[in-house]
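First the structure, in the form of C-alpha cells, and then the observations on it.
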Amino acid sequence: MEDKKVLDRGRIWDIIIFTLKLSLIEEAVMSKRATNAKQEALREQRTLNPHPERVVDRLFLEHDFFDPCDLLQVKYEMVRRVRLEGRSLSESARAFGFSRPSFYKARSAFEAGGLSGLLPRRRGPKGRHKLRREVMDFLKREMASDPSLRGRALSQRVEERFGLRVHPRSIERALARRQKKRKQRRRAGHWRKPRGSRRR
C-alpha cells in the first residue's frame, strides 16, 4: 500500500513537470509569434533595424522594453543619451550601431521634426533636392568665412553638420545656379522702370 502511494506521488510529479514544460513551450511559441508580428509591422512601416546585432547599449541588452529591432526607438535613445545624459557623441553612436554622420543626421531630423522626423523618408529625388534652404545658407556662410573652399571640402562640412551625403559637383552646381539667379535679379532690378512713371 505504501509503495502504491509513492508511485502515485511520482506520477503526480511527472504530470506537474509535464504541465510546466508544456506551459513554457506554449509561452515561448506565443512570444516568438508576437515578436514576428512586431517585426513584420516594423518592416511594413520601414522602421525595422537591419542591424539589431550592432546595438550593444546596456538598456537594450537587459530590458525587453527596449527593442534593438525598432529603428525609431534606437535612434531616439541614441540622440537622447547625448542630449540629456551628456554621453559622448562617438560613444553613443557606437553603442547604438551608427556612424557619426548617421548620428548627426538623426539629431538634425529630430530637431526639425520630432519623432516623426526620425521616420525614414521614401526614396525620392537626390542631389540638388537635398540642398534645402537651410543647407544653402550654411554653405553661403562657410564660403563667406573661407572663399578658398571647394566642392569636396564643402561636401564634407555638409555631411558633418547635417549628416547628408551630397556629391561635390552637386554643391558646385547649386552654388553656380544661386549666383546666376542673383545676377539675373540684379539686372532685372537695374532695368525696371521706377514706379509712377507712365508711358507717353
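Here are the numbers:
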{"item": "Principal axis dimensions, largest first and in whole angstrom, of segment 42-122 by Cα", "result": "30, 27, 20"}
{"item": "Segment 127-191: C-alpha pair distances exceeding 14 Å, %", "result": "58 percent"}
{"item": "By average C-beta atoms within 10 angstrom, highest first, the peptides 75-81, 107-113", "result": "75-81, 107-113"}
{"item": "Among 89-99, 145-155, the order from most to least packed when residues are scored by Cβ within 10 Å on average", "result": "89-99, 145-155"}
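FYI, it's all coordinate maths here, none of it is from the lab. Note that the coordinates shown come from a computational prediction; the quantities given were computed from them, not determined experimentally. Ideal geometry is used to build each Cβ from the backbone, glycine not excepted, and the neighbour counts take in all protein chains shown.
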